[in-house]
Amino acid sequence: MKTEDDLGGAEEPAAPPAPKGNGSAPSPKAHTHLVDLPESRTYRFKNKVLGPPLHNDQLAHERLGKPTALAVFASDNLSSSAYATEEILRVLIPVVGIAAFAKVVPLTVAMLVVLAFLILSYRQTIKAYPSAGGAYIVTKDNFGRGPAQVAGVSLLTDYVLTASVSAAAGAAALASAYKPAEHYVLPIAIFFVLLIGGGNLKGVKESGKAFAVPTYFFVANMAVLLGIGLYRYVSGTLEKAVVEHPDELLAIGAEDTALLWGAGLFVILHAFASGGAAVTGVEAISNGVPAFKEPSWKNARTTLVIMGSLLGVMFLGLSLLSSVVEPFPYKEGTPTVISQVGTAVFSADSSGIGHVMFLSLQLGTMLILVLAANTSFADFPRLASFQASDNFMPRQLTKRGHRLVYSNGIITLAAAAIVVLIFTGAKVEKLIPLYAIGVFLGFTLSQAGMTKHHLRLKEQGWRAGLAINGVGACLSFTVLCIFTYTKFLDGAWIIVVFMPLLTIPLFRLNKQYEEERDQLASGETTQVALQQKILDRHNVIVLIDQLDMAGARAIQYARTLVPDELRAVHFDMDPLRSKELTEGWVNLGFSRLSLDVIDCPDRRLERAVAELVARELIDGNTEVTVLMPRRKYSRFWARLVHDNTADKIAETLSSIPHCNVTIVPFHIGAKAEMTPTIRPAAVAELVGDVTDHGAKKTKGKAKAKAAQTIDTSDMQLPSDRTQISAATHRQQVKLAGKVFSVRVQPWSGTPALELTLLDETGAIVIVFFGRRSLAGVSVGTRLVVEGVVGEHRGKLAMLNPAYEIQVDPHDLEPAPS
């Protein structure tokens, strides 16, 4: 019998069965919780802008079909067809002049050969590593964690620069169609980054739906452009581009008849490397395989081929038209080469349908260039979460946010892209040399890792995979060397110098995390600590600054601890305040709680408290708990005008053995509607109490109303099952739901496994005596149990029932072979 995946962890779980009906994800249910927690203004704003929070159960429904996934993961790759041809011409024209147009198609074909091998290579990667991670996971598995960080840094850098290039290129496309926008390219590019980042915060499926239409709109416009252009080329009616402002063109060199010799070879290699921008984004799909609907690895491979085919046709078609139209690049980047080709193909100089088609092309180009950043926002957070799981990035990057996306990663990427845009002035020509090195370094490491993978495992068909990945690694490394050599002085030196330096803080962070883990997770140390002798005495000290509600709340809590000795202590730093406190204390009439006023002449409160605790611990047989009232202020300005003495004292005392510090908060200035409230009735109703020899204390309907529930729309519910809210004492029932919690007991205790099972109506405890665990059962597992409802710890429970784990259809999906 197959088991369910645990819903926790950094890895994405397998998708549960789709609900019946239209197949859409179930909407979040309004759970009834035991605590009515007030919502802050920030949270209400987040709900309004991003939508209601998605629950963990809905993660599987956030997966993408091939059409939507193509828009999410391929927009970067497809968008490069809009400027890759121009990048080749920007290198050739200043050196060889008009002869550049005769070379652009051969160079495009050469780059398409590289693209073909990359597509075939990444198909091998997706098949071998369907859990996602791309170059990072492949490199870690085959070369170790050190080289994997180089791959990770190169890809993360690539994603930051891709987002920057995309926004800048989109702004340039807008400026090409609307001249007044030329002076506002930087602010427009920053706006585009914020727009795409905000869209991704709404969730994977939401962003995919929003960005799918513009992607296919661009593809449709390119199909029209290439179709009409090729028709006019064959019919001989395709005219050359008209130069509007000759003084703004790039310098035009003289034709070189010996282009493949000497300095001419360098120019060819330089142009070839610039055309390498066309293959960026190929790795994006392999980094996001779990985002696809099942079978995810098959759908990812199919989408990869579709993406490569579309790019190849558009890139080659635009280069072929450019060789005929002869568009010259401009110094400032506008009008772009694709806009000049569009003007010539559609005869857009005149009004009418041609002009409309030209504007449509420019709109589609602008949208796809902007949406290319979406690939980065889809993959950067996911890759960063993998590195964070390995303790090489801050752990905050592993957490899913409001809409089940890695929100911290999305925000980090947006901030980094904006910084890059400001630094480069949103100039595409300045950004291109920076980001392609990281791309091809990732390509090289990934394909080299796959080559070793085939040699190491020698799985079925490994020789064909070895040939594909081996050639792919060689081609990627060759392009990487060419790009580094030819673009070094154009700005690539920044990446060459700083990329290795970026790995240093990652290893330093990893060292810190590893040291913390060794200290906190040592099995021997933990066992020794748990088995240490319990000290004979427990003394509690309450620090009192003044007689108020905060101090009273701390004293109230201290009395519940039932210590051997309870003392209230005030340190005399202000005689007038001490006098007021002592007089007030006498008037309180406490019979068992005295107040100690202790001198603190140097006003070093932290040292004075430490000295007091040391005196209590000097006998070596006393455990000390220090309670400190702390006022919590709801208003920001109120927090600024009060000190944080309690935090300083806690930091000082925390290093003293057998000294425990507890902060007792008291909230000041909180509005009544912002105060959490607990409904006592709901506490009893979550799992019904049993009293009077098995008579149920609460009615089923009342319990169903108050109990926390869970959505079971993705379960195959038995037709004869009983809702938990309707289960009664000593009744034979069949229940179905999801495991909400598991009680873990130490090995030395009496074996008994306790699960809390939830359905859409309520909860019940399931107890297995004599068992410490059940194979395949964990939090989130879908269970069907059958037995007699009994009593356990005064609560309704089902004891030692027969059980069945519901099989997830996606678990039956065949693995890659």
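The values are calculated or read from the model by the stated rules, or taken from the named source; none is laboratory data. It should be emphasised that the depicted structure is a prediction, and the values quoted were computed from it without experimental measurement. All Cβ positions, even for glycine, are placed from backbone atoms using ideal geometry, and neighbour counts span all protein chains on display. Protein only, heavy atoms only, side chains kept; ligands, DNA and RNA dropped before computing areas. Shrake-Rupley method; radii C 1.70, N 1.55, O 1.52, S 1.80 Å.
Return only the number of the condition from (1) more than 26 Å from Gln340 (Cα to Cα); (2) modelled with pLDDT of 90 or more; (3) among the polar types (S, T, N, Q) that Gln396 does not satisfy.
Among (1) more than 26 Å from Gln340 (Cα to Cα); (2) modelled with pLDDT of 90 or more; (3) among the polar types (S, T, N, Q), the lone unmet condition for Gln396 is (2).
Residue under question is Leu320, and the condition is that it be among the aliphatic types (A, V, I, L, M), open to solvent by 10 Å² or more (accessible area, probe 1.4 Å), free of Cβ contacts under 8 Å to residues at least 60 places away in the same chain and assigned to a helix (DSSP H, G or I); does it hold?
no
Please verify whether Gln396 is among the polar types (S, T, N, Q), part of a helix (DSSP H, G or I), farther than 19 Å from Gly198 by Cβ and more than 15 Å from the chain's Cα centre (by Cα), treating the condition exactly as stated. Give the derivation first.
Working: among the polar types (S, T, N, Q): yes; part of a helix (DSSP H, G or I): yes; farther than 19 Å from Gly198 by Cβ: yes; more than 15 Å from the chain's Cα centre (by Cα): no.
Against the criterion (among the polar types (S, T, N, Q), part of a helix (DSSP H, G or I), farther than 19 Å from Gly198 by Cβ and more than 15 Å from the chain's Cα centre (by Cα)), Gln396 does not qualify.
Does any residue in the stretch 555-571 that is touching a residue at least 60 places away in the same chain (Cβ under 8 Å) and among the aromatic types (Phe, Trp, Tyr) come within less than 7 Å, Cβ to Cβ, of a residue that is part of a helix (DSSP H, G or I) and open to solvent by less than 40 Å² (accessible area, probe 1.4 Å) six or more places away or on a different chain, and which pairs are these?
So the pair list comes out empty.
Looking at the stretch 339-360 only, could you name the residues that are modelled with pLDDT under 90, in a helix (DSSP H, G or I), touching a Ser or Thr at 6+ places or on another chain (Cβ under 8 Å) and not aromatic (Phe, Trp, Tyr)?
Ser339, Gly354 - these are the residues of the stretch 339-360 that are modelled with pLDDT under 90, in a helix (DSSP H, G or I), touching a Ser or Thr at 6+ places or on another chain (Cβ under 8 Å) and not aromatic (Phe, Trp, Tyr).
Could you list, in sequence order, all residues of the stretch 749-774 that are part of a strand (DSSP E or B) and among the charged types (D, E, K, R)? Give the derivation first.
Applying the first criterion (part of a strand (DSSP E or B)) to the stretch 749-774 yields 752-758, 763-769.
Within the stretch 749-774, just Glu754 meets the criteria.
If you go through the stretch 89-109, how many residues are at pLDDT below 85 and not hydrophobic (A, V, I, L, M, F, W, C)?
Within the stretch 89-109, residues that are at pLDDT below 85 and not hydrophobic (A, V, I, L, M, F, W, C) number 1.
In the list Asn142, Asn77, which residue meets the criterion of being crowded, with 24+ Cβ neighbours inside 10 Å, in contact with a Gly (Cβ under 7 Å, 6 or more places away or on another chain) and part of a helix (DSSP H, G or I)? Can you show your working first?
Values: Asn142 fails: crowded, with 24+ Cβ neighbours inside 10 Å.
The unique qualifying residue is Asn77.
Within the stretch 110-126, can one find any residue that is open to solvent by less than 10 Å² (accessible area, probe 1.4 Å), at pLDDT 85 or above and more than 17 Å from Ala467 (Cα to Cα)?
yes
Determine which single condition Ala492 fails, assuming it passes every other condition in (1) open to solvent by 80 Å² or more (accessible area, probe 1.4 Å); (2) at pLDDT below 80.
Result: Ala492 passes all but (1).
Give the residues of the stretch 601-617 that are open to solvent by 90 Å² or more (accessible area, probe 1.4 Å) and either of a type in the set (Val, Ile, Thr) or over 47 Å from the mean Cα position of the chain (by Cα) (or both), sorted by residue number.
Correct list: Pro601, Arg603, Arg615.
Go through the stretch 761-817 residue by residue and tally those that are surrounded by fewer than 18 Cβ atoms within 10 Å (Cβ to Cβ), modelled with pLDDT under 80 and within 27 Å of Ser719 (Cβ to Cβ).
5
Select, from Ala650, Ala646, the only residue that is of a type in the set (Gly, Ala, Ser), within 16 Å of Ala554 (Cα to Cα), at pLDDT 75 or above and in contact with a Lys or Arg (Cβ under 6 Å, 6 or more places away or on another chain). Don't jump to the end; show me each part of the working.
On the way: Ala650 fails: in contact with a Lys or Arg (Cβ under 6 Å, 6 or more places away or on another chain).
Going through Ala650, Ala646 in turn, the sole match is Ala646.
Yes/no per residue for (1) touching a residue at least 24 places away in the same chain (Cβ under 8 Å); (2) of a type in the set (A, V, I, L, M, F, W, C); (3) farther than 18 Å from Ala71 by Cα; (4) open to solvent by less than 10 Å² (accessible area, probe 1.4 Å):
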position	(1), (2), (3), (4)
Trp297	yes, yes, no, no
Ile306	yes, yes, no, no
Ser309	no, no, no, no
Val324	yes, yes, yes, no
Pro329	yes, no, yes, yes
Gln340	yes, no, yes, no
Val345	yes, yes, yes, yes
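Count, please, the residues in the stretch 416-455 that happen to be among the aliphatic types (A, V, I, L, M), part of a helix (DSSP H, G or I) and under 22 Å from Phe191 (Cβ atoms). Please lay out each step first, then the result.
The initial filter retains those residues of the stretch 416-455 that are among the aliphatic types (A, V, I, L, M), namely 416-422, 426, 428, 431-432, 434, 436-437, 439, 441, 445, 448, 450, 455.
Applying the additional criterion that residues be part of a helix (DSSP H, G or I) yields 416-422, 428, 431-432, 434, 436-437, 439, 441, 445, 448, 450, 455.
Going one step further and asking which of them are under 22 Å from Phe191 (Cβ atoms), we end up with 416-422, 428, 431-432, 434.
Here the count works out to 11.
I'm checking my understanding of the structure. Among residues of the stretch 153-163 that are polar (S, T, N, Q) and farther than 17 Å from Val72 by Cα, which one is most open to solvent (accessible area, probe 1.4 Å)? I'd like the intermediate steps shown before the answer.
So in the stretch 153-163, the residues polar (S, T, N, Q) come out as 154, 157, 162.
Restricting the remaining residues to those that are farther than 17 Å from Val72 by Cα gives 154, 157.
On the way: Ser154: 0, Thr157: 27 Å².
Out of the qualifying residues, it is Thr157.
Looking only at the stretch 478-491, decide whether some residue is free of Cβ contacts under 8 Å to residues at least 24 places away in the same chain, among the polar types (S, T, N, Q) and at negative phi. Full working, then the answer.
The initial filter retains those residues of the stretch 478-491 that are free of Cβ contacts under 8 Å to residues at least 24 places away in the same chain, namely 478, 481, 488-489.
Now restrict to residues that are among the polar types (S, T, N, Q): 478.
Next, only the ones that are at negative phi stay: 478.
Yes.
One line per residue, one yes/no per condition, for (1) modelled with pLDDT of 85 or more; (2) within 40 Å of the chain's Cα centre (by Cα):
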residue	(1), (2)
Arg517	no, yes
Gln532	no, no
Leu543	yes, no
Leu547	no, no
Tyr557	yes, no
Ala568	yes, no
Asp574	no, no
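Please state which of the following conditions Asn374 fails to meet, knowing it meets all the rest: (1) over 26 Å from Arg44 (Cβ atoms); (2) open to solvent by 10 Å² or more (accessible area, probe 1.4 Å).
(2)
Scan Val150, Val185, Val204 and give me the residue that is under 16 Å from the mean Cα position of the chain (by Cα) and open to solvent by 20 Å² or more (accessible area, probe 1.4 Å).
On the way: Val150 fails: under 16 Å from the mean Cα position of the chain (by Cα); Val185 fails: under 16 Å from the mean Cα position of the chain (by Cα).
The unique qualifying residue is Val204.
Within the stretch 482-503, track down each residue that is of a type in the set (Phe, Trp, Tyr) and within 23 Å of Leu269 (Cα to Cα). Can you show your working first?
Of the stretch 482-503, the ones of a type in the set (Phe, Trp, Tyr) are 483, 485, 488, 493, 498.
If the condition is that a residue be of a type in the set (Phe, Trp, Tyr) and within 23 Å of Leu269 (Cα to Cα), then Phe483, Tyr485, Phe488, Trp493 are the ones that fit.
Under 6 Å between Cβ atoms, at least 6 apart or on separate chains: pull out the pairs that start in the stretch 406-427 with a residue that is over 14 Å from Ala171 (Cα atoms) and end on any residue that is in a loop (DSSP other than H, G, I, E, B) and modelled with pLDDT under 90.
Matching pairs, first to second residue: Ser407/Gly401.
Being over 25 Å from the mean Cα position of the chain (by Cα), open to solvent by 10 Å² or more (accessible area, probe 1.4 Å) and either at pLDDT below 80 or not aromatic (Phe, Trp, Tyr) (or both) is the filter here, so list the residues in the stretch 260-294 that pass it.
Correct list: Leu260, Trp261, Gly262, Ala263, Leu265, Phe266, Val267, Ile268, Leu269, His270.
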